[in-house]
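Here the structure is laid out as structure tokens; the discussion comes afterwards.
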Amino acid sequence: FVFRTPAEAAEQEKTFHLSSKRLSIDDKYILYALKRKAAQDNKSSTLGQDGMRAIDLMEFDTGMEKTRRFHMLCLSSMKGFWRVLARSTSSAKASAVEDLLTKLDEWDNALRNAIIEYTWMLEKYQTSAQLLRMHA
């Protein structure tokens, strides 16, 4: 059984499941394959691309995780910079200045990595609503 839309597959699954309470192993596999295909089609449609393969979904999830990690590192280093600045007194010590410069370097590296990841992801998945929201 091969269906073009997940709705057709779901409808056939319902009728097939209701017609027989005890299914053979072949029928169970068909139901499994239909559920898997419907789930994959549903997930790929939310990414803005139709007909994605499982490896593409895994690549998207990994890219989003990496992008999110760099984004959060950028935010935390910016927060650390302001904390160090707030703790330092008006007579800036050499260690405070070094801490500030270290935080700025961390922020710069994280920002550069985040921009690289966002650019790569946006080139590959330009219609993904999740990615566009996160980038905004």
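The values are calculated or read from the model by the stated rules, or taken from the named source; none is laboratory data. Just so you know, these numbers come straight off a predicted model, no measurement behind them. Positions of Cβ are generated from backbone atoms using ideal geometry, with glycine treated the same way; all protein chains shown enter the neighbour counts. Just the protein is used for accessible areas: all its heavy atoms, side chains included, with ligands, DNA and RNA removed. Shrake-Rupley method; radii C 1.70, N 1.55, O 1.52, S 1.80 Å.
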Hey, could you check region 46-85 for residues that are of a type in the set (F, W, Y) and closer than 19 Å to H135 by Cβ and say which is modelled with the lowest pLDDT? F60
Filter region 97-136 down to residues that are modelled with pLDDT under 80 and over 20 Å from L57 (Cα atoms), then give me how many there are. 1
Filter result for K43 (open to solvent by 70 Å² or more (accessible area, probe 1.4 Å), modelled with pLDDT of 75 or more and in a helix (DSSP H, G or I)): no
